[in-house]
Every structure is written in structure tokens, then in C-alpha cells.
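All of the numbers you see were taken from the coordinates with simple rules; none came from a lab. Source: prediction; values computed, not measured. Note that we place each Cβ from the backbone using ideal geometry, even for glycine, and neighbour counts take in every protein chain shown.
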Amino acid sequence: MRSDVIDTIQDGAVKPCIDAHSHYLPSAVLNLLRESGSKFGTPVETNGDGKTFVVTPERPYGPIGANFHDIALRRQYLDKWGIATQILVPPPFLFYYWSTAKDTHTVIRMVNDSIAEAVRGHPGTFGGVGTVPMGDAVAAVQECEFVKRNGLQGVVIGSNINGRDLDDERFWPIYEALEALELAVFIHPNNVIGGDRVREFHLKNLIGFPSDTTLAAARLIFSGTLDRFPKLRICLGQAGGFLPYIIGRLDHGFQVRPECRKHGCSEPSTYLRRFYYDTIIHGSGPLSFLIGSVGSDRVMFGSDFPFDMQSFVSRDQIDEVPALTDSDLQNIYLNTARRFYGLPSARVS
């Protein structure tokens, strides 16, 4: 990516920032899914209200509007909200963990290639991460190499891989490759815990997403996986789930329960700053707690655009957090995302 990755925002405008968490569905991929999505386990369906959804074995995702794939429309949103650079992240319905790598290689490669093309076509405006077939370590490592060669900043992976937890040894070769390639790892919830208990009231998202992220983080800590791969840069989406808010409970369990110490990890709270976090918490109070717990240099602005759970309003919530210094705001809006994604620094006026 060019060194002018941060566009200049004129004096008097909203503070420029990097949007570290947005979702992008390339139009070529959407067309493929419209034509043959059932082949990959992701048929595209339109309901009685005319709204379009991509249906996975887990649940329907959507509604899918033009802002998922229309770059010109997306740039209008960036201008409106003062976003200098937006990171394009494949949505979780493109993970394809329920299929074999061979079956979904075509669509996964199209996703990664299309995101790389969008980044190259709009230098400085977009960065991007790819996705990889985590169920096949050899294929996943090869896709990590493709992602790196094509100028993307990292990969997004699910909070579990078809029900298998992220500390499983079969994922270690992928983590080794990610470390060696210096690619960022964004953990996004998918296939969440709760079953029928979270089926109503959109609870799969409201409760299931942060719950599954918290479970993934706790297992990475207690299993010793973070110690095995000390150079991995990992972001926990949706502000870390519940991890920052129950870390005292995990510490207490570590002290009194021998099974929490069997893999030789340290006290869980010592790992809080091993992770990065976005700001998608939908409230200035919880956001203040997060920043106070992990430091502004581990927190970065994210919008979740263009899903209906997006949080562009969090820009106001950030500014409402008391006692944030100019340095804190610079971290949250710009510097933390630069470090996490390995983006070059640039002068912003």
C-alpha cells in the first residue's frame, strides 16, 4: 500500500480516522452467489419485503444492500463520516468452514482477489484482509501467502471453525505462517454458542457474538496458544466480547482451579494487551471501561459497516469518553489501526 494511505482531511472537518472493521462483499462474488450460491452452501434469497439475504447453514445474513459492494456509494459514506481509510473485511458468510477447501477454493480466491483489486484501485482509501479455508491447513497457508503477495494486511477468521476451537493443534501451521508473513489476524464471531436459546430476538448477534468471541479468547489464553505464538497480532471484534469485563473472574479461576494452569499460561489479565480491540460496543460507558482496561494503544475505531448493527455513532461515543487525551484520540482514530494492520504512517492535516 502506498505511503499516502491516509487521505488528507481539511481543517475544521471531523477528525480523520481509520475504520478498522467494515465488511465488503465484492460484486463479482455476489454475482457468483446469485448464480450458483447453493453449490457453496450460500444461496442468495429475497424475502417478501424485497430484502436480499445470503443464507448459510448457520443463519441468513443481511439484508444485503448496494453499500456492501458499490465502491462509489461506500466512498460517500466515508466522506460523510470523515473516514480516511477503511479496512475491507469479508463478512462471516464467506468463511465456508462447513465445506471442504476444494469445494470453496474458487469463491474464497475470488473474495481475496477482488478485495486486493479494490485496494489497488483506490490506494490510500482502502486496506483489506482476506479469508482462508481454516479446515485445511495446507490450503490455508497457501491462501495466506496469496493474501500477502497481493498487498492485503491480514486475514479474518471465525471465533470457531465449524465448532472446533481456535486453540486446536491442527491450526498451528496456519498461525506459524501468519507470524512469518507478519499478517494481522482479525477474529470475527460466527457459528456462535447458544443454539435454540439465542434463536429469537436477534440474540445470535446481540449475545452470541460477544459470547463466542470471549470463549475463543479464553481458550487461546488458557491453552497456552498465545505463548506458543507470541508474535501474532490478534484483534477481538466487537470490543473483545465480554473478555475485558470478566477478566477478574478468569484471574480468580486461574488462582483456585488447577485445570486453568495445566498448560503453563500466566494470569489471564496479563494477556489483555496481547489483543487489539475495536470500538463496537455501542455505549460510551463500556467503551471508557475498555480503554481504561487495555489502553488506547490497543483500541481502534471500527464501524461494522454496512450491517444494520453498524456503529458509526461510536465516533460520538468516543468523543464523550471523559479524560481522553489528544494522544488517546490519535491512537483510537489512527495509530492503533496502523500498528495492528502494519499500515505505513502518513502525515494527516
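Candidates 25, 44, 341 compared by Cα position along the dipole of the chain: farthest toward the positive end lies 341, with charges placed on Cβ. Charge dipole (Cα centre; +1 on Lys/Arg Cβ, -1 on Asp/Glu Cβ; no other charges) of the range 80-203 amounts to roughly 460 debye.
Pairs with C-alpha atoms separated by more than 31 Å, drawn from the list 148/204; 51/204; 51/80; 39/148, are 148/204. Under the simplified labelling scheme, the residue 75-residue 109 pair shows an inter-label distance of 3.0 nm, with each label point 7 Å from Cα along Cα→Cβ. The gain in end-to-end length when the residue 252 to residue 28 segment is fully stretched comes to 75.7 nm, 0.36 nm per residue minus the alpha carbon separation. Only helices enter this figure: runs of n ≥ 4 DSSP H residues, each worth -39500 (n - 2.57), summed and divided by the residues of the chain, yield -11500 deg cm²/dmol at 222 nm to the nearest 500. The mean sequence distance of close C-alpha pairs (under 8 Å, at least 6 residues apart), as a share of the length of the chain, puts its relative contact order at 19 percent. Multiplying the residue separation of residue 319 and residue 138 by 0.36 nm and subtracting their alpha-carbon distance yields 60.7 nm.
Descending by average beta-carbon neighbour count within 10 Å, the peptides 234-241, 271-278, 139-146 line up as 234-241, 271-278, 139-146, the highest first. Projecting the Cα atoms of 95, 206, 131 onto the charge dipole of the range 73-211, computed from C-beta unit charges around the Cα centre, puts 206 farthest toward the positive end. You can think of it this way: the chain between residue 180 and residue 49 has 42.4 nm of extra reach, that is 0.36 nm per residue less the Cα-Cα gap.
The distance between label points at residue 168 and residue 327 comes to 4.4 nm (points 7 Å beyond Cα on the Cα→Cβ vector). If a/c stays under 1.5 just call it rounded; otherwise compare a/b with b/c (prolate if a/b is bigger, oblate if not). Do that for the range 1-158, with a ≥ b ≥ c from the square roots of the Cα gyration tensor eigenvalues. It is oblate, given that a/c is not under 1.5 and a/b is not larger than b/c. Once both labels are positioned 7 Å from their Cα atoms along Cα-to-Cβ, the gap between residue 201 and residue 261 label points is 4.0 nm.
The distance linking the range 41-56 with the range 219-288 is 36 Å (Cα centroid to Cα centroid, whole angstrom).
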